[in-house]
1. Given the criterion in contact with a Ser or Thr (Cβ under 7 Å, 6 or more places away or on another chain), modelled with pLDDT of 95 or more and of a type outside the set (A, V, I, L, M), identify the matching residue among Lys171, Lys202, Lys166.
2. Yes or no: the stretch 17-31 includes at least one residue that is open to solvent by 10 Å² or more (accessible area, probe 1.4 Å), in contact (Cβ under 8 Å) with a residue 24 or more places away in the chain and of a type in the set (Phe, Trp, Tyr).
3. Only one of Leu87, Leu50, Leu4 is in contact with an Asp or Glu (Cβ under 6 Å, 6 or more places away or on another chain), more than 20 Å from Gln155 (Cβ to Cβ) and either without any contact (Cβ under 8 Å) to a residue 40 or more places away in the chain or open to solvent by less than 40 Å² (accessible area, probe 1.4 Å) (or both). Can you tell me which?
4. Please give the number of the condition Ile266 fails out of (1) assigned to a loop (DSSP other than H, G, I, E, B); (2) within 18 Å of the chain's Cα centre (by Cα); (3) in contact (Cβ under 8 Å) with a residue 24 or more places away in the chain.
5. Looking at Phe256, is it in a helix (DSSP H, G or I), open to solvent by 40 Å² or more (accessible area, probe 1.4 Å) and farther than 21 Å from Gly120 by Cβ?
6. Could you please find all residues in the stretch 90-121 being open to solvent by 80 Å² or more (accessible area, probe 1.4 Å) and part of a loop (DSSP other than H, G, I, E, B)?
7. Checking Leu156 against (1) hydrophobic (A, V, I, L, M, F, W, C); (2) closer than 18 Å to Pro59 by Cβ; (3) surrounded by fewer than 20 Cβ atoms within 10 Å (Cβ to Cβ); (4) touching an Asp or Glu at 6+ places or on another chain (Cβ under 9 Å), which single condition isn't satisfied?
8. Name the residue that is farthest from Val3 (Cα to Cα), counting only residues in the stretch 62-84 that are in contact (Cβ under 8 Å) with a residue 60 or more places away in the chain and among the hydrophobic types (A, V, I, L, M, F, W, C).
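The values are calculated or read from the model by the stated rules, or taken from the named source; none is laboratory data. Because the structure is a prediction, the values reported are computed rather than measured. Using ideal geometry, Cβ is built from the backbone for each residue, glycine included, and neighbour counts are taken over all protein chains shown. Calculation scope for accessible area: heavy atoms of the full protein, side chains included, ligands and nucleic acids excluded. Shrake-Rupley method; radii C 1.70, N 1.55, O 1.52, S 1.80 Å.
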Amino acid sequence: MEVLKSKKVLQDFIERQKEMGKKIGFAPTMGALHNGHLSLYKEARKENDLVVSSIFVNPTQFNNAEDLEKYPRDINRDISILEKSGLVDAVYIPQVSDIYPEKTESQHYEFDGLENEMEGKSRPGHFDGVGTVVEELFRQVKPDSAYFGEKDFQQLAIIKKMVEKKKIPVKIKGVSIFRAENGLALSSRNQRLLQDRREASKVIFETLNKVNDWFRIVTVPEIKERVQDIFDHQRGMQLEYFLIADEKTLKETDFFYKDCNFRAFIVVMVDGVRLIDNMHLD
């Protein structure tokens with residue numbers, strides 16, 4: 001596996017691969033890798049000649065300086081995980097100056113309102129930071145396809161919208177949420193939880209399954225009350241928000257409309273660690 005530690009080294013590598021006509025699959029990450037990340041590379045491996053990863057903790061998508069500081073970083077561990085997986089041909093580890101050659105600041109994007117829903121309400125500017133780093137990585141790596149997990153469903157929708165509006169020649173592929181045995185969606189932030197709290201957090205997935213059972217049988221306001229009641233009785237957990245939204249517009253709904261696809265979204269603080277999850281409602 002090639003370890004590419006500068007924009008120049010990456011560009012030389014990509015140019016050689018393109019000259020050989022290789023089809024490139026790409027999945028950017030912020031490190032702290034786990035099996036959820038590897039599931040992206042498994043999908044990429046099925047469809048491409050070359051699989052590229054990147055590791056870059058993007059400062060412009062953090063609203064909270066403390067959250068940025070606490071974000072887990074262990075680059076040697078991450079490289080070892082990628083090498084042992086056998087799924088990745090190259091990993092790009094840029095410096096901040098490779099992504100932000102002048103000022104470390106975001107571009108401003110219009111995502112047709114997707115950025116104003118859910119996470120956008122509590123994290124202003126977050127998706128400008130996501131759009132900025134992903135667009136720049138796409139321009140440097142020049143992938144044919146890029147892979148993102150559905151755990152960050154809003155982010156996936158926004159990247160699809162950015163590619164559409166900017167006419168970037170890359171196919172965006174969503175990959176199903178990878179879960180631990182107890183159902184907890186794998187996340188780099190899970191590493192900050194003690195083992196017993198990770199086990200207790202399975203209630204998030206259990207709640208989403210209950211919501212799916214209640215879907216179209218119980219009204220949305222009643223579902224929201226039931227979800228709130230569940231977390232009112234969980235020690236060390238605080239429900240930040242729960243909502244049901246149209247998968248296309250991400251707008252919250254209080255009613256179930258025919259011919260619309262709906263998804264439940266949930267954010268829970270567990271001992272100060274922010275966990276997000278979602279589920280398509282059948």
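1. Working: Lys202 fails: in contact with a Ser or Thr (Cβ under 7 Å, 6 or more places away or on another chain); Lys166 fails: in contact with a Ser or Thr (Cβ under 7 Å, 6 or more places away or on another chain).
Within the list Lys171, Lys202, Lys166, the selection yields Lys171.
2. No: zero hits.
3. On the way: Leu87 fails: in contact with an Asp or Glu (Cβ under 6 Å, 6 or more places away or on another chain); Leu4 fails: in contact with an Asp or Glu (Cβ under 6 Å, 6 or more places away or on another chain).
Going through Leu87, Leu50, Leu4 in turn, just one is in contact with an Asp or Glu (Cβ under 6 Å, 6 or more places away or on another chain), more than 20 Å from Gln155 (Cβ to Cβ) and either without any contact (Cβ under 8 Å) to a residue 40 or more places away in the chain or open to solvent by less than 40 Å² (accessible area, probe 1.4 Å) (or both): Leu50.
4. For Ile266, the failing item is (1).
5. Details: in a helix (DSSP H, G or I): no; open to solvent by 40 Å² or more (accessible area, probe 1.4 Å): yes; farther than 21 Å from Gly120 by Cβ: yes.
When the stated conditions are applied, Phe256 does not pass them.
6. The initial filter retains those residues of the stretch 90-121 that are open to solvent by 80 Å² or more (accessible area, probe 1.4 Å), namely 95, 101-103, 105, 107-108, 110, 112, 116, 121.
Matches in the stretch 90-121: Gln95, Pro101, Glu102, Lys103, Glu105, Gln107, His108, Glu110, Asp112.
7. (2)
8. Ranking the qualifying residues of the stretch 62-84, first place goes to Phe62.
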